[in-house]
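The values are calculated or read from the model by the stated rules, or taken from the named source; none is laboratory data. On a predicted model such as this, the values are computed, not experimentally measured, just so you know. Reconstructed Cβ throughout: ideal geometry from the backbone, glycine too, with neighbour counts over all protein chains shown. When the accessible area is computed, the model is the full protein with side chains, heavy atoms only, and any ligands, DNA or RNA have been set aside. Shrake-Rupley method; radii C 1.70, N 1.55, O 1.52, S 1.80 Å.
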Amino acid sequence: MRRIYMAVCALSLASAAVMAQDMTDVLLSVERNNKELQALQKSNEAQLVEYRSGNIVEDPTIEYSPFFAPGTKGVASSELVVKLGFDFPTLYASRNKAGKMQQTALDMQYQLRRRDILLEAKKICLDLIRLNQERALLDERMRNADELLAMFERRLAEGDASLLDVNKIRMDRMNVNTEVVQNGTERAMLLQSLTALNGNQPLTFDAAAYPAVPLIAYSDTLCDTLVNTDFAVRAARASAEQAEQEVSVNRQNWIPKFEVGYRRNTDMNDAVNGFMVGGSVPIFSSANKVRSAKAKAVSASLEVESVQMSAEAQVRSLLNTAVQLRRTADTYDTALMYSTLRLLRTAVENGELSIIEYYVEADNIYKNLQAYMTVENQYQQTVAEIYKNRLLE
(Lines give C-alpha, C1' and ligand atoms only; values in the text may rest on other atoms or scores of the structure.)
Protein backbone atom coordinates (compact mmCIF):
# COMPACT_ATOMS: atom_id res chain seq x y z
CA MET A 1 0.00 0.00 0.00
CA ARG A 2 2.95 2.29 0.69
CA ARG A 3 4.09 1.81 -2.90
CA ILE A 4 0.57 2.59 -4.12
CA TYR A 5 0.46 5.79 -2.09
CA MET A 6 3.85 6.93 -3.38
CA ALA A 7 2.80 6.15 -6.93
CA VAL A 8 -0.40 8.17 -6.53
CA CYS A 9 1.59 11.10 -5.13
CA ALA A 10 4.08 10.94 -7.99
CA LEU A 11 1.27 10.80 -10.53
CA SER A 12 -0.45 13.78 -8.89
CA LEU A 13 2.73 15.87 -9.01
CA ALA A 14 3.43 14.91 -12.61
CA SER A 15 -0.09 15.68 -13.75
CA ALA A 16 -0.46 18.92 -11.80
CA ALA A 17 1.60 20.80 -14.39
CA VAL A 18 -0.56 19.67 -17.29
CA MET A 19 -3.87 19.73 -15.41
CA ALA A 20 -4.31 23.47 -15.77
CA GLN A 21 -3.79 23.20 -19.52
CA ASP A 22 -6.34 20.38 -19.66
CA MET A 23 -8.89 22.53 -17.84
CA THR A 24 -8.01 25.50 -20.04
CA ASP A 25 -8.71 23.38 -23.11
CA VAL A 26 -12.12 22.50 -21.71
CA LEU A 27 -12.97 26.14 -20.97
CA LEU A 28 -11.79 27.28 -24.40
CA SER A 29 -13.95 24.62 -26.00
CA VAL A 30 -16.99 25.69 -23.96
CA GLU A 31 -16.43 29.33 -24.87
CA ARG A 32 -16.18 28.40 -28.54
CA ASN A 33 -19.15 26.00 -28.72
CA ASN A 34 -21.66 27.28 -26.15
CA LYS A 35 -24.93 28.05 -27.94
CA GLU A 36 -26.07 30.69 -25.46
CA LEU A 37 -22.89 32.71 -25.94
CA GLN A 38 -23.20 32.39 -29.72
CA ALA A 39 -26.80 33.61 -29.56
CA LEU A 40 -25.84 36.49 -27.27
CA GLN A 41 -23.11 37.61 -29.67
CA LYS A 42 -25.56 37.74 -32.57
CA SER A 43 -28.16 39.53 -30.45
CA ASN A 44 -25.63 42.18 -29.46
CA GLU A 45 -24.59 42.65 -33.08
CA ALA A 46 -28.23 43.12 -34.08
CA GLN A 47 -28.82 45.70 -31.34
CA LEU A 48 -25.76 47.70 -32.37
CA VAL A 49 -26.73 47.66 -36.05
CA GLU A 50 -30.27 48.72 -35.14
CA TYR A 51 -29.00 51.60 -33.01
CA ARG A 52 -26.57 52.80 -35.66
CA SER A 53 -29.25 52.65 -38.35
CA GLY A 54 -31.20 55.25 -36.35
CA ASN A 55 -28.31 57.70 -36.39
CA ILE A 56 -27.94 58.36 -40.10
CA VAL A 57 -29.35 60.94 -42.48
CA GLU A 58 -32.92 60.17 -43.48
CA ASP A 59 -33.59 58.62 -46.87
CA PRO A 60 -34.38 61.14 -49.60
CA THR A 61 -37.99 61.39 -50.77
CA ILE A 62 -39.15 62.02 -54.32
CA GLU A 63 -42.59 63.36 -55.17
CA TYR A 64 -44.04 63.92 -58.64
CA SER A 65 -47.44 65.50 -59.16
CA PRO A 66 -48.97 65.78 -62.66
CA PHE A 67 -51.88 68.23 -63.14
CA PHE A 68 -54.60 68.10 -65.78
CA ALA A 69 -56.80 70.94 -67.06
CA PRO A 70 -59.92 71.04 -69.23
CA GLY A 71 -59.16 71.67 -72.85
CA THR A 72 -55.58 70.61 -72.45
CA LYS A 73 -54.42 67.38 -73.94
CA GLY A 74 -52.19 65.38 -71.61
CA VAL A 75 -50.43 66.89 -68.60
CA ALA A 76 -51.09 70.60 -68.24
CA SER A 77 -48.45 71.12 -65.57
CA SER A 78 -46.39 69.09 -63.11
CA GLU A 79 -44.34 69.39 -59.99
CA LEU A 80 -41.24 67.41 -58.97
CA VAL A 81 -39.96 67.63 -55.41
CA VAL A 82 -36.82 65.90 -54.08
CA LYS A 83 -36.27 66.34 -50.30
CA LEU A 84 -33.69 65.23 -47.78
CA GLY A 85 -34.22 65.53 -44.01
CA PHE A 86 -31.52 65.56 -41.32
CA ASP A 87 -30.96 66.41 -37.67
CA PHE A 88 -28.64 69.03 -36.26
CA PRO A 89 -24.98 67.80 -36.46
CA THR A 90 -24.44 67.87 -32.68
CA LEU A 91 -27.27 65.37 -32.25
CA TYR A 92 -25.51 62.88 -34.54
CA ALA A 93 -22.33 63.26 -32.49
CA SER A 94 -24.21 62.76 -29.23
CA ARG A 95 -25.97 59.66 -30.58
CA ASN A 96 -22.68 58.30 -31.87
CA LYS A 97 -21.18 58.63 -28.38
CA ALA A 98 -24.22 56.92 -26.92
CA GLY A 99 -23.82 54.12 -29.47
CA LYS A 100 -20.24 53.52 -28.39
CA MET A 101 -21.37 53.40 -24.77
CA GLN A 102 -24.08 50.95 -25.71
CA GLN A 103 -21.47 48.77 -27.38
CA THR A 104 -19.42 48.81 -24.17
CA ALA A 105 -22.48 47.98 -22.09
CA LEU A 106 -23.43 45.08 -24.37
CA ASP A 107 -19.87 43.79 -24.30
CA MET A 108 -19.88 43.87 -20.50
CA GLN A 109 -23.18 41.97 -20.47
CA TYR A 110 -21.63 39.38 -22.75
CA GLN A 111 -18.51 39.14 -20.58
CA LEU A 112 -20.71 38.71 -17.51
CA ARG A 113 -22.63 35.82 -19.05
CA ARG A 114 -19.42 34.32 -20.46
CA ARG A 115 -17.90 34.43 -16.99
CA ASP A 116 -20.87 32.65 -15.41
CA ILE A 117 -20.89 29.90 -18.04
CA LEU A 118 -17.13 29.33 -17.83
CA LEU A 119 -17.32 29.32 -14.02
CA GLU A 120 -20.02 26.68 -14.19
CA ALA A 121 -17.83 24.61 -16.50
CA LYS A 122 -14.81 25.02 -14.21
CA LYS A 123 -16.80 23.96 -11.17
CA ILE A 124 -17.90 20.84 -13.01
CA CYS A 125 -14.25 20.09 -13.80
CA LEU A 126 -13.34 20.55 -10.15
CA ASP A 127 -16.10 18.14 -9.12
CA LEU A 128 -14.85 15.65 -11.70
CA ILE A 129 -11.38 15.87 -10.15
CA ARG A 130 -12.89 15.09 -6.75
CA LEU A 131 -14.78 12.12 -8.19
CA ASN A 132 -11.64 10.85 -9.91
CA GLN A 133 -9.75 11.07 -6.63
CA GLU A 134 -12.52 9.25 -4.80
CA ARG A 135 -12.63 6.60 -7.52
CA ALA A 136 -8.88 6.02 -7.12
CA LEU A 137 -9.42 5.60 -3.38
CA LEU A 138 -12.31 3.19 -3.99
CA ASP A 139 -10.21 1.18 -6.43
CA GLU A 140 -7.49 0.93 -3.79
CA ARG A 141 -10.05 -0.20 -1.22
CA MET A 142 -11.38 -2.79 -3.64
CA ARG A 143 -7.89 -4.16 -4.36
CA ASN A 144 -7.20 -4.33 -0.64
CA ALA A 145 -10.51 -6.13 0.00
CA ASP A 146 -9.83 -8.61 -2.81
CA GLU A 147 -6.42 -9.43 -1.36
CA LEU A 148 -7.81 -9.81 2.16
CA LEU A 149 -10.67 -11.96 0.90
CA ALA A 150 -8.30 -14.32 -0.87
CA MET A 151 -6.12 -14.46 2.26
CA PHE A 152 -9.00 -15.17 4.66
CA GLU A 153 -10.68 -17.68 2.37
CA ARG A 154 -7.41 -19.56 2.40
CA ARG A 155 -7.22 -19.26 6.18
CA LEU A 156 -10.84 -20.39 6.46
CA ALA A 157 -10.02 -23.51 4.49
CA GLU A 158 -7.08 -24.09 6.83
CA GLY A 159 -9.18 -23.49 9.92
CA ASP A 160 -7.36 -20.29 10.95
CA ALA A 161 -10.26 -17.90 10.24
CA SER A 162 -13.99 -17.84 10.80
CA LEU A 163 -16.80 -17.44 8.30
CA LEU A 164 -17.70 -14.20 10.07
CA ASP A 165 -14.33 -12.75 9.05
CA VAL A 166 -14.84 -13.76 5.42
CA ASN A 167 -18.39 -12.38 5.37
CA LYS A 168 -17.19 -9.08 6.83
CA ILE A 169 -14.74 -8.68 3.95
CA ARG A 170 -17.44 -9.60 1.43
CA MET A 171 -19.77 -6.98 2.91
CA ASP A 172 -17.02 -4.38 2.61
CA ARG A 173 -16.56 -5.28 -1.06
CA MET A 174 -20.31 -4.96 -1.57
CA ASN A 175 -20.32 -1.50 0.03
CA VAL A 176 -17.35 -0.41 -2.07
CA ASN A 177 -19.08 -1.64 -5.23
CA THR A 178 -22.13 0.45 -4.34
CA GLU A 179 -19.97 3.54 -3.87
CA VAL A 180 -18.22 2.86 -7.19
CA VAL A 181 -21.60 2.76 -8.97
CA GLN A 182 -22.68 6.00 -7.28
CA ASN A 183 -19.38 7.60 -8.20
CA GLY A 184 -19.75 6.55 -11.82
CA THR A 185 -23.34 7.79 -11.99
CA GLU A 186 -22.43 11.20 -10.60
CA ARG A 187 -19.47 11.44 -12.95
CA ALA A 188 -21.64 10.60 -15.96
CA MET A 189 -24.15 13.30 -14.96
CA LEU A 190 -21.42 15.90 -14.63
CA LEU A 191 -19.92 14.98 -17.99
CA GLN A 192 -23.36 15.31 -19.56
CA SER A 193 -23.74 18.78 -18.04
CA LEU A 194 -20.30 19.72 -19.34
CA THR A 195 -21.22 18.42 -22.79
CA ALA A 196 -24.39 20.54 -22.76
CA LEU A 197 -22.34 23.65 -21.95
CA ASN A 198 -20.07 22.68 -24.85
CA GLY A 199 -22.92 22.82 -27.36
CA ASN A 200 -23.42 19.03 -27.11
CA GLN A 201 -19.91 18.49 -28.41
CA PRO A 202 -18.35 15.57 -26.46
CA LEU A 203 -15.64 16.32 -23.92
CA THR A 204 -13.35 14.13 -21.84
CA PHE A 205 -11.77 15.18 -18.57
CA ASP A 206 -9.83 12.62 -16.54
CA ALA A 207 -7.59 14.82 -14.39
CA ALA A 208 -7.12 13.69 -10.79
CA ALA A 209 -5.12 16.64 -9.43
CA TYR A 210 -6.19 20.22 -8.82
CA PRO A 211 -4.38 23.10 -10.51
CA ALA A 212 -2.13 25.26 -8.37
CA VAL A 213 -4.06 28.17 -6.87
CA PRO A 214 -2.82 31.22 -4.97
CA LEU A 215 -2.89 31.12 -1.19
CA ILE A 216 -5.87 33.16 -0.04
CA ALA A 217 -5.31 35.74 2.68
CA TYR A 218 -8.03 38.24 3.58
CA SER A 219 -7.22 41.89 2.93
CA ASP A 220 -9.22 45.02 2.13
CA THR A 221 -6.96 45.74 -0.85
CA LEU A 222 -7.69 42.35 -2.40
CA CYS A 223 -11.37 42.81 -1.68
CA ASP A 224 -11.48 46.21 -3.40
CA THR A 225 -9.59 44.85 -6.42
CA LEU A 226 -11.96 41.91 -6.79
CA VAL A 227 -15.05 44.14 -6.51
CA ASN A 228 -13.80 46.72 -9.01
CA THR A 229 -12.94 44.03 -11.57
CA ASP A 230 -16.19 42.14 -11.11
CA PHE A 231 -18.04 41.94 -14.44
CA ALA A 232 -21.43 42.43 -12.77
CA VAL A 233 -20.21 45.74 -11.33
CA ARG A 234 -18.55 46.77 -14.58
CA ALA A 235 -21.67 45.91 -16.57
CA ALA A 236 -23.84 47.97 -14.21
CA ARG A 237 -21.46 50.93 -14.48
CA ALA A 238 -21.43 50.72 -18.28
CA SER A 239 -25.23 50.67 -18.36
CA ALA A 240 -25.34 53.71 -16.04
CA GLU A 241 -22.92 55.65 -18.26
CA GLN A 242 -25.02 54.82 -21.29
CA ALA A 243 -28.18 55.97 -19.48
CA GLU A 244 -26.51 59.31 -18.62
CA GLN A 245 -25.57 59.78 -22.26
CA GLU A 246 -29.15 59.08 -23.32
CA VAL A 247 -30.19 62.02 -21.14
CA SER A 248 -27.82 64.23 -23.13
CA VAL A 249 -29.24 62.88 -26.39
CA ASN A 250 -32.84 63.52 -25.38
CA ARG A 251 -32.06 67.02 -24.19
CA GLN A 252 -31.17 67.89 -27.78
CA ASN A 253 -34.44 66.58 -29.19
CA TRP A 254 -35.92 70.08 -29.04
CA ILE A 255 -33.57 71.16 -31.85
CA PRO A 256 -35.59 71.43 -35.10
CA LYS A 257 -35.16 68.88 -37.86
CA PHE A 258 -34.16 70.36 -41.19
CA GLU A 259 -35.17 69.58 -44.74
CA VAL A 260 -33.56 70.72 -47.94
CA GLY A 261 -34.69 69.88 -51.42
CA TYR A 262 -35.05 70.63 -55.10
CA ARG A 263 -38.35 71.66 -56.70
CA ARG A 264 -39.20 71.76 -60.40
CA ASN A 265 -42.50 73.11 -61.71
CA THR A 266 -43.54 72.81 -65.34
CA ASP A 267 -46.41 74.58 -67.09
CA MET A 268 -46.91 73.52 -70.69
CA ASN A 269 -43.55 74.31 -72.28
CA ASP A 270 -42.21 76.46 -69.43
CA ALA A 271 -40.24 75.08 -66.44
CA VAL A 272 -39.23 76.71 -63.19
CA ASN A 273 -36.46 75.29 -60.95
CA GLY A 274 -35.81 76.13 -57.34
CA PHE A 275 -34.72 75.00 -53.93
CA MET A 276 -36.73 74.43 -50.81
CA VAL A 277 -35.74 74.69 -47.14
CA GLY A 278 -37.94 73.58 -44.28
CA GLY A 279 -37.99 71.95 -40.90
CA SER A 280 -40.06 70.63 -38.06
CA VAL A 281 -40.01 71.59 -34.40
CA PRO A 282 -40.51 68.58 -32.07
CA ILE A 283 -42.69 70.41 -29.55
CA PHE A 284 -44.91 67.52 -28.54
CA SER A 285 -42.85 64.40 -29.37
CA SER A 286 -39.98 65.31 -27.03
CA ALA A 287 -42.08 66.59 -24.12
CA ASN A 288 -41.49 63.66 -21.74
CA LYS A 289 -38.42 62.01 -23.26
CA VAL A 290 -35.93 63.91 -21.08
CA ARG A 291 -37.90 63.12 -17.94
CA SER A 292 -38.00 59.43 -18.88
CA ALA A 293 -34.28 59.37 -19.67
CA LYS A 294 -33.45 61.01 -16.33
CA ALA A 295 -35.52 58.43 -14.45
CA LYS A 296 -33.70 55.61 -16.25
CA ALA A 297 -30.35 57.20 -15.41
CA VAL A 298 -31.24 57.43 -11.70
CA SER A 299 -32.41 53.80 -11.77
CA ALA A 300 -29.17 52.70 -13.42
CA SER A 301 -27.12 54.63 -10.85
CA LEU A 302 -28.96 52.96 -7.97
CA GLU A 303 -28.45 49.59 -9.66
CA VAL A 304 -24.68 50.22 -9.65
CA GLU A 305 -24.77 50.82 -5.89
CA SER A 306 -26.86 47.70 -5.32
CA VAL A 307 -24.66 45.45 -7.47
CA GLN A 308 -21.47 46.84 -5.93
CA MET A 309 -22.69 46.26 -2.36
CA SER A 310 -23.79 42.74 -3.25
CA ALA A 311 -20.44 41.98 -4.91
CA GLU A 312 -18.51 43.34 -1.92
CA ALA A 313 -20.52 41.25 0.54
CA GLN A 314 -20.01 38.14 -1.57
CA VAL A 315 -16.26 38.71 -1.96
CA ARG A 316 -15.74 39.23 1.77
CA SER A 317 -17.73 36.09 2.53
CA LEU A 318 -15.80 34.05 -0.03
CA LEU A 319 -12.43 35.24 1.27
CA ASN A 320 -13.34 34.31 4.83
CA THR A 321 -14.67 30.93 3.69
CA ALA A 322 -11.50 30.21 1.72
CA VAL A 323 -9.30 30.98 4.73
CA GLN A 324 -11.33 28.69 6.98
CA LEU A 325 -11.43 25.86 4.43
CA ARG A 326 -7.66 26.06 3.94
CA ARG A 327 -7.11 25.82 7.67
CA THR A 328 -9.45 22.84 7.87
CA ALA A 329 -7.79 21.07 4.96
CA ASP A 330 -4.35 21.60 6.49
CA THR A 331 -5.40 19.76 9.64
CA TYR A 332 -5.65 16.50 7.66
CA ASP A 333 -2.41 14.52 7.57
CA THR A 334 -2.97 12.31 4.53
CA ALA A 335 0.50 10.78 4.74
CA LEU A 336 -0.22 9.66 8.30
CA MET A 337 -3.56 8.17 7.28
CA TYR A 338 -2.09 6.19 4.41
CA SER A 339 0.76 5.02 6.66
CA THR A 340 -1.74 3.89 9.31
CA LEU A 341 -3.68 1.92 6.70
CA ARG A 342 -0.47 0.17 5.74
CA LEU A 343 0.30 -0.68 9.39
CA LEU A 344 -3.24 -1.97 9.94
CA ARG A 345 -2.93 -4.21 6.90
CA THR A 346 0.39 -5.57 8.19
CA ALA A 347 -1.12 -6.23 11.64
CA VAL A 348 -3.96 -8.23 10.06
CA GLU A 349 -1.57 -10.26 7.95
CA ASN A 350 0.54 -11.06 11.04
CA GLY A 351 -2.50 -12.06 13.06
CA GLU A 352 -2.03 -9.18 15.50
CA LEU A 353 -5.40 -7.63 14.64
CA SER A 354 -8.75 -9.23 13.89
CA ILE A 355 -10.55 -8.38 10.66
CA ILE A 356 -13.38 -6.79 12.66
CA GLU A 357 -10.95 -4.50 14.49
CA TYR A 358 -9.21 -3.74 11.20
CA TYR A 359 -12.38 -2.53 9.53
CA VAL A 360 -13.39 -0.44 12.54
CA GLU A 361 -10.12 1.48 12.25
CA ALA A 362 -9.79 1.41 8.44
CA ASP A 363 -13.36 2.64 7.85
CA ASN A 364 -12.68 5.71 10.00
CA ILE A 365 -9.52 6.45 8.05
CA TYR A 366 -11.28 6.09 4.70
CA LYS A 367 -14.04 8.42 5.91
CA ASN A 368 -11.40 10.98 6.93
CA LEU A 369 -9.72 10.71 3.53
CA GLN A 370 -13.03 11.32 1.77
CA ALA A 371 -13.75 14.19 4.15
CA TYR A 372 -10.40 15.71 3.22
CA MET A 373 -11.20 15.34 -0.49
CA THR A 374 -14.53 17.10 0.09
CA VAL A 375 -12.92 19.99 2.00
CA GLU A 376 -10.20 20.35 -0.64
CA ASN A 377 -12.85 20.44 -3.35
CA GLN A 378 -14.82 23.09 -1.45
CA TYR A 379 -11.66 25.18 -1.16
CA GLN A 380 -10.98 24.88 -4.89
CA GLN A 381 -14.60 25.80 -5.67
CA THR A 382 -14.37 28.85 -3.40
CA VAL A 383 -11.11 30.02 -4.98
CA ALA A 384 -12.71 29.59 -8.41
CA GLU A 385 -15.56 31.86 -7.26
CA ILE A 386 -13.11 34.44 -5.91
CA TYR A 387 -11.15 34.65 -9.18
CA LYS A 388 -14.11 34.02 -11.50
CA ASN A 389 -13.49 37.28 -13.36
CA ARG A 390 -10.02 36.12 -14.44
CA LEU A 391 -11.06 32.96 -16.29
CA LEU A 392 -9.06 32.41 -19.48
CA GLU A 393 -7.06 35.58 -19.02
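Semi-axes of the equivalent ellipsoid for the range 75-131, please: Cα gyration tensor eigenvalues, times 5, square-rooted, ordered largest first, whole Å.
Over the Cα atoms of the range 75-131, the ellipsoid semi-axes are 57, 16, 4 Å.
Tell me, in nm to one decimal, what length is gained between residue 33 and residue 303 on full extension, where the rule is 0.36 nm per residue of separation less the Cα-Cα distance?
94.0 nm
Which one of 72, 328, 374 has the biggest mean-square fluctuation once the chain is modelled by GNM with Cα springs under 10 Å?
Residue with maximal mean-square fluctuation among 72, 328, 374: 72.
Given N residues in the chain, what is Rg(Cα) / (2.2 N^0.38 Å)?
Dividing the Cα radius of gyration by 2.2 N^0.38 Å gives 1.71.
Helix-only mean residue ellipticity at 222 nm, the chain, DSSP H runs n ≥ 4 weighted -39,500 (n - 2.57), per residue, nearest 500. What is it?
Calculated from helices alone, the mean residue ellipticity at 222 nm is -25500 deg cm²/dmol.
Given points 7 Å out from each Cα along the Cα-Cβ axis, report the residue 93 to residue 222 separation in nanometres with one decimal.
4.8
Test of the criteria: in the range 261-343, which chymotrypsin sites (Phe, Trp or Tyr not before Pro) are in a DSSP loop and have at most 10 other Cβ atoms within 10 angstrom of their Cβ?
Hits after loop and neighbour filter: 284.
Can you pull the accessible area of residue 264 for me, 1.4 Å probe, Å² to the nearest 10?
Rounded to the nearest 10, that gives 80 Å².
I'd like the FRET efficiency for residue 367 and residue 113, computed as 1/(1 + (r/R0)^6) with the beta carbon distance as r and R0 of 51 Å, rounded to 0.05.
Given R0 = 51 Å and the Cβ-Cβ separation, E is 0.80.
Quick one: how many Å² of residue 64 are accessible to a 1.4 Å probe, rounded to 10?
Looks like 140 Å² after rounding.
Any chance you could check the Cα centroid distance between the range 25-53 and the range 273-342 for me, in angstrom?
When both Cα centres are located, 20 Å separates them.
Among 230, 330, 107, whose mean-square fluctuation peaks in a Gaussian network model of the chain (Cα, cutoff 10 Å)?
Comparing 230, 330, 107 in a Gaussian network model of the chain, the most mobile one is 330.
How many nm is it between the label spots at residue 24 and residue 142, if each spot is 7 Å from the Cα in line with the beta carbon?
Modelled inter-label distance: 3.4 nm.
Could you tell me the convex hull volume per residue, in Å³, taken over the Cα atoms of the range 70-221?
Spelled out: Cα convex hull of the range 70-221, divided by residues, is 297 Å³.
How much length is gained if the chain between residue 135 and residue 276 is pulled fully straight, taking 0.36 nm per residue apart and subtracting their Cα-Cα distance, in nm to one decimal?
Additional length available on full extension: 42.4 nm.
Need the full-extension length gain, residue 295 to residue 45, defined as separation in residues times 0.36 nm minus the C-alpha distance. One decimal, nm.
Extra length from residue 295 to residue 45 when fully extended: 87.3 nm.
In a Gaussian network model over the chain where Cα atoms closer than 10 Å are linked, find which of 31, 120, 63 has the largest mean-square fluctuation.
It is 63.
Helices from the chain with mean Kyte-Doolittle at least -0.5 and a Cα length along the axis of 20 Å or more, per DSSP H: which?
What comes out of the filter, once short or polar helices are dropped, is 2-33, 163-197, 231-251, 289-330, 334-349, 355-386.
If you keep only loop residues by DSSP, which GluC sites (Glu not before Pro) in the range 249-355 have at most 13 other Cβ atoms within 10 Å of their Cβ?
352
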